[in-house]
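**Q** Take a look at this one; I'll ask things after.
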Amino acid sequence: MAFFMDPGAMFLGCLGTSEQKFLVKLIETAAKNGYTRFVEPCAGTFAMSNLAVQNGFKPSQIECSDVAMMPSVLGYAITEQSLEPLEIHAQGFTDEELLDPATALYAQLYLRTSKNAGNEYFYNILMDLKLRREEHIASINQQIETTKNLLHGMSYRPMDMWKHLDEVLDDPHAIVIANPPTYFSGYEKYYDTQGKMVWKEPEYELFDPETGHKKFYDMCMGRKALVICYQEKKPGEAVGYTIYARSSTRADLNAYITTNREEEATMLANGKKIKRPSESKLEPLECSMLPRDYEITENSKIQIISIKSAEAQYYRQLWTHNFVGSSATFNRAVLIDGMIAGVFGISKMQATSLFIWYVMKVPHMTYRLGRLLYMLAQNQNFINTILDDLEREKVTKVRTAMLTKYPENKEVRGIMKLVNRQADKNNGFKLTYEAKITDRTEEETLKEWLRRERQWQKNRAKNMK
């Protein structure tokens, strides 16, 4: 038995042939469309990096990370780093022996097999590993050299996925392909040697698929990098935009490939040239903007209309100084008395929720129009216009996420509930908010919003005295 069955087997991971074929075209097209940074967190056996280097990316454009010892040893070998900083120690092996990558990988294979030696099958494997030790080490070394020839020039760090994502998500030239564990403590259970082998592992957070994919896309939505993620979920429970699915991978689970930008990823997977957001022709609507001093009353007419991405981007760029050219699946404009007051984007994210990507509004001297837009986006009548009958039965809430230097966002306070707050080294905080869908009309929403605004203005005036 060899450590890897053949020189290419280590790259297969858990992806089936059809998933790999789908990703090959996506990666190949991305390399031709301005993506110059390929990122593989949770690198494992470097499956995605192998596909990348064979389909348009140079090894120097590839960066990988992982928190497990096996990929770290292999990553250090590929990048010709000494294993000494990893501080590997193993029962039955000298520290000097473990500075050799092939021996270190053999030691881990031997020791994790030994924990199951009470089973006849694993006992026979263990005996074969023991009796043909030098042959196995030589075979592993051959695999390392093959891998090094393919990927030499890439970068590798033992690093938590969340930290790596934080570094790269604001790079518009980065494509991230992540394959986190498909079950809780997956890597830990697979590589467990029951303490017979230890190393200086990096600090990291255990990935729980029950909650991890939601956290993953809360972090990735609206960011500049294109993100792709493999998941195994029950039907209808995939998180993010699903661009590929295959049924019955195991038990009652399906395989899903998801993304933070559906339209762009789908075009790439179909081999089509994409236009980057900055290349889009921005278009205004054929209506005037709400004046800064316009008085809004209970009798004002509220309309939510569908608009094109280029129209939404026109106003987003007009009303904000740090415009990021991402787009939602559904872009909407809010008109007040026939004049545009704001735009927002919303998308289907999970089986039970919708995700508000952005809310942008016309500057106003008196009113906080953003709060009105968030309230309108929560209305069942509006949500019914973008969901089918089956989805309407399942979707019960809307979510949004934002980066801010403050621990709270006042624009949604009292309208949505803060459900997650994370420190962000570049921006201060990453905030996630959530609200239940509300059964009210646009007219009722306007009246409730005006009531809250008048109370807010009254309180503000009182506090200023």
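**Q** What do you get for GluC sites (Glu not before Pro) in the range 136-220 restricted to DSSP loop and a cutoff of at most 13 other Cβ within 10 Å of the site's Cβ?
**A** Details: sites: Glu145, Glu167, Glu188, Glu203, Glu205, Glu210; in loops: Glu203, Glu205.
Within the range 136-220, the qualifying GluC sites (Glu not before Pro) (loop, at most 13 other Cβ atoms within 10 Å) are Glu203, Glu205.
**Q** What angle do you read, to the nearest 10 degrees and between 0 and 90, between the alpha-carbon axis of helix 101-114 and the longest principal axis of the chain?
**A** Roughly 90 degrees between the two axes.
**Q** Do any of Lys58/Lys148; Lys214/Lys234; Lys163/Lys273; Lys234/Lys430 go past 21 Å between their Cα atoms, and which?
**A** Values: Lys58/Lys148 13 Å; Lys214/Lys234 14 Å; Lys163/Lys273 31 Å; Lys234/Lys430 28 Å.
As for pairs spanning more than 21 Å Cα to Cα, those are Lys163/Lys273; Lys234/Lys430.
**Q** Obtain the nm distance between the two label points defined at Glu210 and Lys272 by a simple spin-label model: each point lies 7 Å from its Cα along the Cα-to-C-beta direction.
**A** Once both label points are built, they end up 4.0 nm from each other.
**Q** For the range 279-464, state what percent of all Cα-Cα pairs lands in each successive 10 Å bin, counting from 0 Å until the bin that includes the largest distance.
**A** 9, 35, 39, 16, 1, 0
**Q** Additional query: Given the Cα-Cα distance of Lys308 and Thr320 and 0.36 nm per residue of separation, how much length would full extension add, in nm?
**A** Answer, rounded to one decimal: 2.5 nm.
**Q** Between Gln20 and Lys405, what FRET efficiency follows from the Cβ-Cβ distance if R0 is 45 Å, with the result rounded to 0.05? Write down the numbers at each step before the final one.
**A** Numbers: r = 42 Å, r/R0 = 0.93.
Using R0 = 45 Å, I get an efficiency of 0.60.
**Q** Along the three principal axes, how long is the range 9-269 when you take its alpha carbons, biggest first, rounded to the nearest angstrom?
**A** Principal axes ranked by extent give 54, 40, 31 Å for the Cα atoms.
**Q** Let me ask something additional. Once Rh is set to the Kirkwood radius over Cα pairs, what Stokes-Einstein translational diffusion coefficient, in µm²/s, holds for the range 65-195 at a temperature of 25 °C and a viscosity of 0.890 mPa s? Walk me through the numbers on the way to the answer.
**A** Working: Rh = 16.4 Å.
My calculation gives 150 µm²/s for D.
**Q** Hey, another quick one. Mind checking the full-extension length gain between His89 and Asn459? Use 0.36 nm per residue of separation minus the Cα-Cα distance, one decimal, nm.
**A** Details: separation 370, 0.36 × 370 = 133.20 nm, distance 6.47 nm.
Length difference between fully extended and current span is 126.7 nm.
**Q** Of Leu150, Gly195, Ala312, which is farthest towards the positive pole of the chain's charge dipole, taken about the Cα centre with +1 and -1 on the beta-carbons of Lys, Arg and Asp, Glu respectively?
**A** Ala312
**Q** Could you work out how much longer the chain between Glu145 and Glu286 gets when fully extended? Use 0.36 nm per residue separation minus the Cα distance between them, nm to one decimal.
**A** Numbers: separation 141, 0.36 × 141 = 50.76 nm, distance 6.26 nm.
44.5 nm is the gain from fully extending Glu145 to Glu286.
**Q** Roughly how many whole Å is it from the C-alpha centroid of the range 115-160 to that of the range 376-410?
**A** 48 Å
**Q** Would you kindly derive the ³J(HN,Hα) couplings of the range 298-315 from the backbone phi angles with the Karplus curve 6.51 cos²θ - 1.76 cosθ + 1.60 (θ = phi - 60°), listing them in order in whole Hz, with x for Gly and Pro?
**A** Running phi through 6.51 cos²θ - 1.76 cosθ + 1.60 with θ = phi - 60° gives 4, 8, 5, 9, 9, 9, 10, 10, 6, 10, 6, 4, 5, 6, 5, 5, 4, 6 Hz.
**Q** Between Val419 and residues 5 or more places away or on another chain, which pairs have amide H atoms under 5 Å apart, with H built 1.01 Å from N, and which residues are they?
**A** Close amide H contacts, sequence-distant or interchain: Thr432, Tyr433, Glu434.
**Q** Still on this model: What number, rounded to the nearest 500 deg cm²/dmol, is the helix-based mean residue ellipticity at 222 nm of the chain, given -39500 (n - 2.57) per DSSP H run of at least four residues and division by all its residues?
**A** Details: 15 runs with 165 residues, N = 465.
Using -39500 (n - 2.57) per qualifying helix, the result is -10500 deg cm²/dmol.
**Q** Find which of Leu446, Gln61, Leu354 sits farthest along the positive direction of the dipole of the chain, computed with +1 on the beta-carbon of Lys and Arg, -1 on that of Asp and Glu, about the Cα centre.
**A** Leu446
**Q** Suppose a student asked you for the relative contact order of the chain, using Cα pairs under 8 Å spaced at least 6 residues apart; what percent would you report?
**A** Working: 824 pairs, mean separation 55.6, N = 465.
The normalised contact order for the chain reaches 12 percent.
**Q** Give me the three principal axis extents of the chain from the C-alpha atoms, as integers in angstrom, largest value leading.
**A** If we take the Cα atoms of the chain, the spans are 87, 44, 43 Å.
**Q** Could you grab the relative contact order for the range 279-464? Cα pairs under 8 Å, six or more apart, rounded to a whole percent. Don't skip to the end; give the middle numbers.
**A** Values: 318 pairs, mean separation 34.5, N = 186.
Relative contact order here is 19 percent.
**Q** Report the relative contact order of the range 9-269, percent, no decimals, based on alpha-carbon pairs under 8 angstrom and at least 6 residues apart. Write down the numbers at each step before the final one.
**A** Numbers: 436 pairs, mean separation 59.3, N = 261.
Computed over the range 9-269, the figure is 23 percent.
**Q** Stokes-Einstein D for the range 380-422 at 10 °C, 1.306 mPa s, Kirkwood Rh over Cα pairs, in µm²/s?
**A** Once the numbers are plugged in, D ends up at 126 µm²/s.
**Q** Can I ask one more? HN-Hα J couplings of the range 54-60 from phi, Karplus 6.51/-1.76/1.60, θ = phi - 60°, integer Hz, Gly and Pro as x?
**A** 8, 9, x, 8, 7, x, 5
**Q** Now, a different point. Can you run the Rg to Rh ratio on the range 38-117? Use alpha carbon positions and the Kirkwood inverse-distance Rh.
**A** Numbers: Rg = 14.2 Å, Rh = 13.7 Å.
Here Rg/Rh amounts to 1.04.
**Q** A follow-up question, please. In the chain, with Lys and Arg counted as +1 and Asp and Glu as -1 at Cβ, which of these residues, Gln455, His213, Cys229, has the Cα nearest the positive end of the dipole, that is, farthest along it?
**A** Result: Gln455, furthest along the dipole toward the positive end.
**Q** Calculated FRET efficiency, Lys394 and Ser82, Cβ-Cβ r, R0 41 Å, to nearest 0.05?
**A** On the way: r = 53 Å, r/R0 = 1.29.
In this case the efficiency is close to 0.20.
**Q** What GluC sites (Glu not before Pro) does the range 40-93 have in DSSP loop regions with at most 15 other beta carbons within 10 Å? Write out the running numbers ahead of the final one.
**A** On the way: sites: Glu63, Glu80, Glu87; in loops: Glu80, Glu87.
Sites meeting the loop and neighbour criteria: Glu80, Glu87.
**Q** When the dipole is taken about the Cα centre of the chain, and only Lys, Arg (+1) and Asp, Glu (-1) are charged at their Cβ, what size is it in debye, to the nearest 20? Write out the running numbers ahead of the final one.
**A** Details: 60 positive and 59 negative charges, 429 e Å.
Dipole about the Cα centre, nearest 20: 2060 debye.
Coordinate-derived values only; no laboratory data. Since the structure is predicted, the reported quantities are computational estimates derived from the model, not experimental observations. Ideal geometry is used to build each Cβ from the backbone, glycine not excepted, and the neighbour counts take in all protein chains shown.
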